[in-house]
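Heads up, the thing below is written out as structure tokens.
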Amino acid sequence: MSENSMINYGPLAGLIGVWVGNKGADISPEPDGIENNTYYETLSFTEAGEVSNAESQQVSAVHYMQKVQRISDNKVIHQETGYWMWDQANDTVMHSLTIPRGMCVLAGGKFSESERTGITFDVQASLDQQDWQLIQSPFMRDNAKMTKYSQQVVLIGNSLSYTQTMVLDIYGKIFDHSDQNKLVRQ
């Protein structure tokens, strides 16, 4: 029995594994309009264990890697890595992620669970929130500043779907860059 098998991952336990989906829809900003992409992706979650913060907060975590490729030409259009974390005492979920464009997000929120609708994770972050923040490089801040981030993940058995929106200040306008996909466990 591994050390991690004794860890209570709570609502995160169902995420662990490899997920694939090929029905992704990406709506991205372009200087002269909007770009719509269909994509496929692989999303891998692994046990990361449990940590104690300041000897008083216990957080269980799963690490993930996401790779997104455009269907039309197989070009990688997005990659990210990070952690989903669960603070059992406060019944809070956290999502930390890094995008190799010079962006980091620490989003937080709650989850709900029911037999009919599965587990739903809702997390948000924004520049004007004290607790859940966005960090970006000077280039991104000056050219493609993210001002808000929201994500909803729904897990029902071997089906995982998500929608996410990054509100960007880009090309002289405010743009809701959105992605959504439905994946199945391999």
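The values are calculated or read from the model by the stated rules, or taken from the named source; none is laboratory data. For clarity, every value in this text was computed on a predicted model and none was experimentally measured. Side chains are part of the model used for accessible areas, which takes the heavy atoms of the whole protein and leaves out ligands, DNA and RNA. Shrake-Rupley method; radii C 1.70, N 1.55, O 1.52, S 1.80 Å.
Return the calculated 222 nm mean residue ellipticity for the chain, to the nearest 500 deg cm²/dmol, obtained by summing -39500 (n - 2.57) across DSSP H runs with n ≥ 4 and dividing by the residue count.
Dividing the helical sum by the residues of the chain leaves -500 deg cm²/dmol.
Report, in whole Å, the centroid distance computed from the Cα atoms of the range 12-77 and the range 112-155.
The two parts, judged by their Cα centres, are 13 Å apart.
Return the long-range amide H neighbours of Gln88 (sequence gap of 5 or more, or a different chain), with a cut-off of under 5 Å between placed amide H atoms.
Correct list: Ser60.
Give me a comma-separated list of calculated 3J(HN,Hα) values for the range 167-172, in order, Karplus coefficients 6.51, -1.76, 1.60 applied at θ = phi - 60°, integers in Hz, x for any Gly or Pro.
In residue order, the calculated couplings are 7, 10, 9, 9, 6, x Hz.
So what are the ³J(HN,Hα) numbers for the range 61-69, from phi and the Karplus equation (6.51, -1.76, 1.60; θ = phi - 60°), rounded to whole Hz, Gly and Pro as x?
Values per residue, Gly and Pro as x: 9, 10, 8, 9, 10, 10, 10, 10, 10 Hz.
Counting only protein chains, not ligands or nucleic acids, how are Arg70, Arg141, Arg185, Arg101 ordered by accessible area (probe 1.4 Å), most first?
These residues rank, largest area first, as Arg101, Arg141, Arg185, Arg70.
With 24 Å as the limit, write out which pairs from Lys23/Lys75; Lys23/Lys110; Lys23/Lys145; Lys75/Lys182; Lys145/Lys182 have Cα-Cα distances beyond it, or answer none.
Going by Cα-Cα distance, Lys23/Lys110; Lys23/Lys145; Lys145/Lys182 fall outside the 24 Å limit.
Once ligands and nucleic acids are excluded and a 1.4 Å probe is used, how much of Ile135 is accessible, expressed in Å² to the nearest 10?
110 Å²
From zero up to wherever the largest Cα-Cα distance of the range 20-101 sits, split into 10 Å bins and tell me the percent of pairs in each.
16, 35, 26, 16, 6, 0
Please report, as a whole percent, how much of the solvent-accessible surface of the range 23-109 comes from carbon and sulfur atoms (probe radius 1.4 Å).
It is 50 percent, rounded to a whole number.
If you build the convex hull over the alpha carbons only and average its shadow over all orientations, what do you get for the range 86-186? Give it in nm² to one decimal.
Here the figure is 7.6 nm², rounded to one decimal.
For the chain, what is the accessible area per residue in Å² when the probe is 1.4 Å?
Solvent-accessible surface per residue comes out at 54 Å².
Ignoring everything but the protein chains, give the 1.4 Å probe accessible area of Asp73 in square angstrom, nearest 10.
80 Å²
Tell me, Kirkwood radius of the chain from alpha-carbon pair distances, in Å?
Its Kirkwood hydrodynamic radius stands at 17.3 Å.
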